[in-house]
C-alpha cells in the first residue's frame, strides 16, 4: 500500500485517509504507525468488496444517517460500519488473512453509543 505524506490531506484531526487504495497521511505523523496502516488496509479491502465507488457512496450515506441519529458528526463517523470494523481489528496483524468477505456488514447492527 502506497503512502503519500501531505500537508493538507486528511483534514486536521485525522492521521490518514484512504482514497481509492492510496493512503494520504499528514506529514506530522511521519512515519505512520502500523495500526494506522492496518486500519487503512482494512478500508482497501472494503473498497474492493464494494466495487470502489460503492464504498464512498455507502460511507457518505451512512455518515449522514448516523449524524442525524447521534446529532454529532464525530460520533457518526465512529459508528460507520466500515470504521467500526477497521477500528475493531487494526491491532490484529493477521486479520486480513482470516477476514470473512463483507465482514463490515455485521457492524451495521451493533451500535457503539457515546463511549467512543
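Computed from the coordinates by the stated procedures, all read-outs in this text should not be read as laboratory data. Bear in mind that the values here come from a model prediction, so they are computed numbers and not experimental data. Don't worry about glycine lacking a Cβ; one is built from the backbone with ideal geometry, like all the others, and counts go over all protein chains shown.
Tabulated results
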quantity	calculated
Distance between the stretch 3-52 and the stretch 62-82 - C-alpha centres, whole angstrom	19 Å
Cα gyration tensor, the stretch 11-70 - rounded (a/c under 1.5), prolate or oblate	oblate
Calculated P(r) of the stretch 46-112 - Cα pairs past 19 Å, %	32 percent
Kirkwood Rh and Cα Rg combined as Rg/Rh, the stretch 3-115	0.95
Percent RCO, i.e. relative contact order, over the chain, from Cα pairs under 8 Å lying at least 6 residues apart	20 percent
Efficiency of FRET between residue 56 and residue 29 - r from beta-carbon atoms, R0 35 angstrom, step 0.05	0.95
Over the chain: helical MRE at 222 nm, DSSP H runs n ≥ 4 each giving -39500 (n - 2.57), nearest 500	-13500 deg cm²/dmol
Estimated FRET transfer efficiency (residue 108, residue 22; beta-carbon r; R0 25 Å; 0.05)	0.40
